[in-house]
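Trainee: Sending over a structure as structure tokens; questions will come in a sec.
The values are calculated or read from the model by the stated rules, or taken from the named source; none is laboratory data. This one's a predicted model, so the numbers in the text were calculated from it and none came from an experiment. Here Cβ is always computed from backbone atoms with ideal geometry, including for glycine, and neighbour counts include all displayed protein chains. What goes into the accessible areas is simple: the full protein's heavy atoms, side chains included, and nothing from ligands, DNA or RNA. Shrake-Rupley method; radii C 1.70, N 1.55, O 1.52, S 1.80 Å.
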Amino acid sequence: MINPLGWKTGSFVSVLVILLAYNYKRHADEALQDRMNQILSGLLRAEKKVPLAPSRVAFGFGGCEDLFVNAMEIVNRLNLTAPEVAQHHFAVKNATEVAELFAFFFQHGAAAERYVANKTLFDELVECAEMSPNHHFILGGNAPVMARRMALEGLDVLLGARMSAEVAAGLPEKVKVVGEPVKKSDIHLILEYAKGETWGQYQSSRANRLILHNDQVNPYLSGLEAFAEEILQFKPSLVVVGGLQMMDNFPYKDDERVQRLEKLRSVLKGLPLTSRIHFEMASFTDEKLLQEILHNVVLYSDSLGMNEQELPNLVSLLQDGNVTFLSDSHPRVATVLDQMRTVYNLLSQVSPAGGKRRLTRLHVHTLAFQAILTVKSSSWKNTMSASAKASLTAHRHVCGSHYIDLMKTKILLDDSFAASQDKASRRIRVIDDHPVSCWEERDYELCVAPGLVCTEVRQTAGGGDNISSAGLVLQI
């Protein structure tokens with residue numbers, strides 16, 4: 001059969017289907033672009049809604065140099081073959097264990113940090129990384145990275161850390177470093193990989209990194225004594241504690257570790273209530289250490305910050321007394337919110353005796369969204385704007401640019417989400433031009449901001465530190 005244009009019917013139908021499909025895709029792309037534009041504009045307005053108030057913040061502990069390199073370059077240079085079985089290791093002693101550990105986290109796109117017990121092996125890894133033409137060093141360590149971010153935001157900062165004079169000189173002028181300098185800062189090796197990269201039978205589900213270190217200074221919380229002497233005169237509005245993951249599986253003698261944590265506890269107990277305390281979680285595998293941190297640090301903190309891997313670990317510790325090595329790297333909003341409620345319910349019941357503090361703030365950062373819980377009667381403020389700033393900072397850090405290019409951006413959060421895994425839970429609609437969803441429950445407020453996911457990853461390490469700092473800076 002021939003139509004009036006002289007085409008065969010089959011050909012005409014095929015062309016029509018192609019045109020309709022193209023037109024549908026074009027409209028879908030335009031709708032997505034419009035949604036992303038509205039969400040970005042809404043987040044920028046929310047971020048700018050609150051003027052930054054002058055304040056003083058103190059950070060501890062530790063400092064290092066982060067050596068960034070592409071993970072695939074390292075495994076290829078070392079001729080590491082993908083192991084038949086990916087295995088977790090608490091600490092790394094040889095090249096085989098490096099391969100097994102990397103494969104374990106790589107296949108799940110999960111962030112991790114582990115101690116290398118073999119110094120010779122670690123030196124070989126660093127030497128190999130420095131051979132890469134694409135390697136680079138930047139300031140490392142939770143406390144220094146967070147201190148730098150706060151100083152760039154305009155706050156006065158006190159940093160308790162031992163680092164080389166060269167590294168300290170690279171900090172902003174508003175950062176005052178206390179702690180005896182070391183001749184050479186420890187190096188932490190950051191093995192980064194992109195989403196979809198393959199290694200043998202393994203493929204990464206998202207961009208992330210494995211951090212390896214042989215740190216001999218930071219596990220002792222060096223600089224704690226100098227920090228303790230200075231902090232009362234400094235009179236900070238906020239004290240941030242981080243870097244305790246350096247203690248994980250470190251070979252201490254006798255009771256050295258618990259003695260250092262007890263010293264930290266005495267410092268926190270001596271702070272006035274006007275100085276709020278925030279603890280930044282990290283990757284932990286040692287159950288005993290995490291129990292010691294819970295009893296010496298967490299119970300003396302007003303605020304906690306963590307990612308989607310660290311939150312389930314804390315829940316497991318509080319409920320069952322053990323840790324989880326691996327969790328969903330793309331959790332649903334409802335799952336995270338329920339876990340946050342669990343942490344809050346358990347820690348808000350702490351009796352404020354002997355210097356202990358009730359939890360009044362909880363910030364969880366994931367790839368797809370930011371979630372912040374704040375108690376309504378607490379002094380934490382601007383939760384909505386803080387959530388927006390945290391989301392924007394995540395993109396800026398990972399993409400390595402303050403300007404947010406929507407051509408390098410995707411949004412994983414749907415246009416609505418369940419507030420809980422409970423079957424009777426309501427759904428929260430994401431309003432594109434006012435994208436931060438906030439609501440009240442019991443005695444607290446919850447805010448969820450969609451993440452603007454960077455699709456051209458420049459760096460992943462340090463992301464959580466910058467994100468947490470951005471959330472805190474508008475709330476103190």
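Trainee: Kindly state which strands (runs of 3 or more DSSP E) lie completely within segment 418-467 and contain at least 1 residues that are farther than 22 Å from Leu32 by Cα and open to solvent by 30 Å² or more (accessible area, probe 1.4 Å).
Mentor: Hits in segment 418-467: 437-441, 444-450.
Trainee: Taking the condition of being among the acidic types (Asp, Glu) and in contact with a strand residue (DSSP E or B) (Cβ under 8 Å, 6 or more places away or on another chain), how many residues in segment 296-312 meet it?
Mentor: 2
Trainee: Condition test on Val217, is it at pLDDT 95 or above and under 23 Å from Ala282 (Cα atoms)?
Mentor: Judged against the criteria, Val217 is not a match.
Trainee: Moving on to the next point. With respect to the numbered conditions (1) in contact with a Pro (Cβ under 7 Å, 6 or more places away or on another chain); (2) open to solvent by 10 Å² or more (accessible area, probe 1.4 Å); (3) at pLDDT 95 or above, which one is the sole condition not fulfilled by Asp338?
Mentor: The single condition Asp338 does not satisfy is (1).
Trainee: Suppose we keep only residues that are of a type in the set (S, T, N, Q) and part of a strand (DSSP E or B) within segment 198-231. Which one would you say is most open to solvent (accessible area, probe 1.4 Å)?
Mentor: If we take residues in segment 198-231 being of a type in the set (S, T, N, Q) and part of a strand (DSSP E or B), then Gln203 is most open to solvent (accessible area, probe 1.4 Å).
Trainee: Scan (1) over 29 Å from Phe106 (Cα atoms); (2) assigned to a helix (DSSP H, G or I); (3) not hydrophobic (A, V, I, L, M, F, W, C) for the single condition His278 breaks and write down its number.
Mentor: Just one mismatch for His278, condition (2).
Trainee: Is it the case that segment 123-138 has a residue that's farther than 27 Å from Gln203 by Cβ, under 22 Å from the mean Cα position of the chain (by Cα) and hydrophobic (A, V, I, L, M, F, W, C)?
Mentor: Yes, because at least one residue in segment 123-138 is farther than 27 Å from Gln203 by Cβ, under 22 Å from the mean Cα position of the chain (by Cα) and hydrophobic (A, V, I, L, M, F, W, C).
Trainee: Can you find a residue in segment 57-68 that is surrounded by 13 or more Cβ atoms within 10 Å (Cβ to Cβ), farther than 30 Å from Gly160 by Cα, at pLDDT below 95 and not small (Gly, Ala, Ser)?
Mentor: Within segment 57-68, not a single residue is surrounded by 13 or more Cβ atoms within 10 Å (Cβ to Cβ), farther than 30 Å from Gly160 by Cα, at pLDDT below 95 and not small (Gly, Ala, Ser).
Trainee: Residues to consider are Ser377, Ser351, Ser327; find the one that is in a loop (DSSP other than H, G, I, E, B), over 27 Å from Arg426 (Cα atoms) and open to solvent by 20 Å² or more (accessible area, probe 1.4 Å).
Mentor: The conditions single out Ser351.
Trainee: Another question about this same structure. Among the residues of segment 95-115, write down those that are more than 17 Å from Glu192 (Cα to Cα), open to solvent by less than 30 Å² (accessible area, probe 1.4 Å) and of a type in the set (A, V, I, L, M, F, W, C).
Mentor: Matches in segment 95-115: none.
Trainee: Continuing with the same structure: Which condition from (1) open to solvent by 10 Å² or more (accessible area, probe 1.4 Å); (2) in a helix (DSSP H, G or I) is the one that Ala82 breaks?
Mentor: (2)
Trainee: Oh, and also: Confirm whether Asn118 is within 18 Å of Asp186 (Cα to Cα), in contact (Cβ under 8 Å) with a residue 24 or more places away in the chain, among the polar types (S, T, N, Q) and open to solvent by 20 Å² or more (accessible area, probe 1.4 Å).
Mentor: Criteria met by Asn118.
Trainee: Then there is this: Can you tell me which residue within segment 135-153, out of those that are part of a strand (DSSP E or B) and surrounded by fewer than 18 Cβ atoms within 10 Å (Cβ to Cβ), is modelled with the lowest pLDDT?
Mentor: Applying the filter and picking the extreme gives Ile138.
Trainee: Oh, and also: Give segment 232-261 a look and list any residue that's over 26 Å from the mean Cα position of the chain (by Cα), touching a residue at least 24 places away in the same chain (Cβ under 8 Å) and either assigned to a helix (DSSP H, G or I) or crowded, with 21+ Cβ neighbours inside 10 Å (or both), or say none.
Mentor: Within segment 232-261, Leu232, Phe234, Glu256 meet the criteria.
Trainee: State which residue is surrounded by the fewest Cβ atoms within 10 Å (Cβ to Cβ) when the search covers only segment 274-302 and only residues that are of a type in the set (D, E, K, R) and under 16 Å from Arg361 (Cβ atoms).
Mentor: My answer is Asp302.
Trainee: Something else now. Which condition number does Phe105 fail, the rest of (1) in contact with an Asp or Glu (Cβ under 9 Å, 6 or more places away or on another chain); (2) modelled with pLDDT under 95 being met?
Mentor: For Phe105, the failing item is (1).
Trainee: Being among the aromatic types (Phe, Trp, Tyr) and under 29 Å from Lys93 (Cα atoms) is the filter here, so list the residues in segment 214-264 that pass it.
Mentor: Answer for segment 214-264, where residues must be among the aromatic types (Phe, Trp, Tyr) and under 29 Å from Lys93 (Cα atoms): Tyr220, Phe250, Tyr252.
Trainee: Lys195 versus (1) free of Cβ contacts under 8 Å to residues at least 12 places away in the same chain; (2) within 24 Å of the chain's Cα centre (by Cα); (3) open to solvent by 50 Å² or more (accessible area, probe 1.4 Å): which is the lone unmet condition?
Mentor: In the conditions (1) free of Cβ contacts under 8 Å to residues at least 12 places away in the same chain; (2) within 24 Å of the chain's Cα centre (by Cα); (3) open to solvent by 50 Å² or more (accessible area, probe 1.4 Å), Lys195 misses (1) alone.
Trainee: Further question on the same structure: Looking at (1) closer than 23 Å to Val240 by Cβ; (2) under 20 Å from the mean Cα position of the chain (by Cα), which is the one condition that is false for Pro331?
Mentor: Of everything listed in (1) closer than 23 Å to Val240 by Cβ; (2) under 20 Å from the mean Cα position of the chain (by Cα), Pro331 misses just condition (1).
Trainee: Sticking with this one: What's the number of the only condition in (1) open to solvent by less than 10 Å² (accessible area, probe 1.4 Å); (2) farther than 24 Å from Ser327 by Cα; (3) among the hydrophobic types (A, V, I, L, M, F, W, C); (4) in contact with a Lys or Arg (Cβ under 6 Å, 6 or more places away or on another chain) that Val473 fails to meet?
Mentor: (4)
Trainee: What pairs come up if the first residue lies in segment 419-435 and is touching a residue at least 60 places away in the same chain (Cβ under 8 Å), the second is open to solvent by 100 Å² or more (accessible area, probe 1.4 Å) and part of a strand (DSSP E or B), and their beta carbons are under 9 Å apart, counting only those six or more places apart or on different chains?
Mentor: Matching pairs, first to second residue: Ala419/Arg427.
Trainee: Next question. From the set of residues in segment 354-374 that are aliphatic (A, V, I, L, M) and more than 21 Å from Glu441 (Cα to Cα), which is least open to solvent (accessible area, probe 1.4 Å)?
Mentor: Within segment 354-374, the match that is least open to solvent (accessible area, probe 1.4 Å) is Ala368.
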